[in-house]
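K.L.:
Here you go, one structure.
The values are calculated or read from the model by the stated rules, or taken from the named source; none is laboratory data. All of these numbers come straight from a predicted model, not from anything done at the bench. Neighbour counts run over all protein chains shown; Cβ positions are idealised from the backbone, glycine included. What goes into the accessible areas is simple: the full protein's heavy atoms, side chains included, and nothing from ligands, DNA or RNA. Shrake-Rupley method; radii C 1.70, N 1.55, O 1.52, S 1.80 Å.
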Amino acid sequence: MSEKPKDISSLDRFKDVNPQEINWFPGHMYKAEKQLQQKLKRVDAVLELRDARIPFASANLEFEKLLGEKKRLVLFNKTSLSDEEATQDWTRYFQVQGIAFLFIDVLEKRGLRKILPEIRRMMQSRQERFQRKGIRPPALRLMVIGIPNVGKSSLINGITHRKATETGPTPGVTRHQEWILLDRDVELLDTPGILFPKIANLETGLQLTLTGAIKDEIVGKERIAEFLLSALHENPASRLFQHYALDPSEEEVEPELLLEAIGLKRGCLKKGGVDRQRTASMLLKDFRSGKLGRISLETPH
Ligand SMILES: Nc1nc2c(ncn2[C@@H]2O[C@H](COP(=O)(O)OP(=O)(O)OP(=O)(O)O)[C@@H](O)[C@H]2O)c(=O)[nH]1
Ligand SMILES: [Mg+2]
């Protein structure tokens with residue numbers, strides 16, 4: 001290469017993207033916040049889902065104010081897609097913070113059996129307060145909250161073993177149940193609360209798009225794929241080159257050119273050259289299904 005080396009991971013290439021534009025939520029946000037407030041009043045504790053690959057970016061710290069004194073167990077989901085070492089670093093980080101959390105994977109059913117014991121531990125003093133007064137504690141009521149696409153519905157199905165046929169408005173079919181029994185004295189609200197991600201800066205916006213909380217169309221698949229390629233570039237867990245049978249020493253490092261090379265290799269062509277849009281879609285699909293390695297996009301430090 002004759003050119004001087006460039007900082008591939010720099011976000012300079014995205015400087016035309018306005019983070020405010022990624023923030024497409026305001027219209028829905030008010031309504032969702034009101035609905036969440038109503039739901040929160042009815043539960044004793046909250047299961048807050050976040051994405052294990054972006055433990056900070058998948059939170060909305062402002063919504064925490066809504067929680068008030070309500071107990072919360074944070075569940076970092078999709079650990080089958082997150083870097084094991086990064087996940088260990090994050091585990092240590094949150095242990096020091098002293099928050100209640102678990103790293104889980106709903107699809108692989110990892111950690112799901114720890115949820116109820118952890119909730120019981122968190123709620124022990126509540127139960128004891130009732131017992132001291134000689135009252136049998138009422139059932140613990142829980143709900144799931146989290147940003148779009150983080151796995152809320154999968155979690156509800158995964159911990160309740162509910163079948164789609166159990167609900168439905170048709171007469172004769174079991175009526176729609178609002179509370180699902182998790183155990184003899186624990187109930188779960190059957191619909192989750194939606195949190196909207198807080199897009200503090202461009203990088204957060206791109207991370208949230210790459211992991212699926214924000215639709216691709218806002219920044220565009222090609223740009224997101226380029227962000228992915230720059231994130232994978234120096235990540236030792238990346239399987240990008242193996243997956244597409246590319247020789248790293250021969251390939252371009254510039255995301256735009258690397259995307260081109262991958263398109264060429266995979267025969268994603270259209271009249272006049274590589275079909276960049278189709279190549280980008282393939283890259284995003286492969287990343288999101290874990291084929292490009294277990295990649296965490298945030299580290300605690
Ligand atoms: N690898 C992996 N994928 C998961 C996991 N949990 C959910 N997913 C996938 O993530 C996608 C979104 O899951 P949902 O359960 O629909 O997420 P949601 O939070 O209900 O999404 P919205 O209702 O759109 O806000 C689906 O493709 C799931 O298969 C997980 O633990 N691991
Ligand atoms: Mg859902």
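K.L.:
List every residue pair whose Cβ atoms sit under 6 Å apart, with the two residues 6 or more apart in sequence or on different chains, where the first one lies in region 271-298 and is farther than 15 Å from residue 235 by Cβ and the second, anywhere, is of a type in the set (Val, Ile, Thr).
P.N.:
If the second residue must be of a type in the set (Val, Ile, Thr), the pairs left are 279/262.
K.L.:
Can I ask one more? Of these, 148, 171, which one is at pLDDT below 95, within 16 Å of ligand 2 (Cβ to nearest atom) and assigned to a loop (DSSP other than H, G, I, E, B)?
P.N.:
148
K.L.:
Among 252, 260, which is farther than 19 Å from residue 15 by Cα, open to solvent by 30 Å² or more (accessible area, probe 1.4 Å) and at pLDDT 90 or above?
P.N.:
260
K.L.:
Moving to a separate point now. Among the residues that make up region 225-239, is at least one of them open to solvent by less than 50 Å² (accessible area, probe 1.4 Å), on the phi > 0 side of the Ramachandran plot, modelled with pLDDT of 95 or more and under 24 Å from the mean Cα position of the chain (by Cα)?
P.N.:
Checked against the condition, which is being open to solvent by less than 50 Å² (accessible area, probe 1.4 Å), on the phi > 0 side of the Ramachandran plot, modelled with pLDDT of 95 or more and under 24 Å from the mean Cα position of the chain (by Cα), region 225-239 yields no hits at all.
K.L.:
Could you check, for region 268-279, whether at least one of its residues is within 16 Å of ligand 1 (Cβ to nearest atom) and surrounded by 14 or more Cβ atoms within 10 Å (Cβ to Cβ)?
P.N.:
No, there is no match, as no residue in region 268-279 is within 16 Å of ligand 1 (Cβ to nearest atom) and surrounded by 14 or more Cβ atoms within 10 Å (Cβ to Cβ).
K.L.:
Then there is this: So which residues in region 29-80 are part of a helix (DSSP H, G or I), away from ligand 2 (no atom under 16 Å from the Cβ) and in contact with a helix residue (DSSP H, G or I) (Cβ under 8 Å, 6 or more places away or on another chain), if there are any at all?
P.N.:
Residues satisfying the conditions are 33, 37, 40, 63, 66, 67.
K.L.:
Being within 16 Å of ligand 1 (Cβ to nearest atom), closer than 20 Å to residue 43 by Cα and surrounded by fewer than 20 Cβ atoms within 10 Å (Cβ to Cβ) is the filter here; which residues of region 115-153 pass it?
P.N.:
Listed by number, the list holds a single entry, 153.
K.L.:
Sticking with this structure for a sec: Restricting the search to region 179-218, which residues are in a loop (DSSP other than H, G, I, E, B) and open to solvent by 40 Å² or more (accessible area, probe 1.4 Å)?
P.N.:
Of everything in region 179-218, those that are in a loop (DSSP other than H, G, I, E, B) and open to solvent by 40 Å² or more (accessible area, probe 1.4 Å) turn out to be 184, 191, 198, 200, 201, 215.
K.L.:
What single numbered condition from (1) closer than 30 Å to residue 289 by Cβ; (2) part of a helix (DSSP H, G or I); (3) in contact with a Leu (Cβ under 8 Å, 6 or more places away or on another chain) fails to hold for residue 88?
P.N.:
The failed condition is (3).
K.L.:
Here is a follow-up. Search region 280-296 for residues being open to solvent by 30 Å² or more (accessible area, probe 1.4 Å) and either within 16 Å of ligand 1 (Cβ to nearest atom) or of a type in the set (Ser, Thr, Tyr) (or both), and hand back the single one that is nearest to residue 217 (Cα to Cα).
P.N.:
So the residue we want is 281.
K.L.:
Now for a separate question. Quick one: is residue 109 open to solvent by 60 Å² or more (accessible area, probe 1.4 Å), away from ligand 2 (no atom under 16 Å from the Cβ) and under 21 Å from residue 190 (Cα atoms)?
P.N.:
yes
K.L.:
Read through the list (1) of a type in the set (Val, Ile, Thr); (2) free of Cβ contacts under 8 Å to residues at least 12 places away in the same chain; (3) closer than 21 Å to residue 70 by Cα, then give the number of the only condition that residue 135 fails.
P.N.:
The failed condition is (3).
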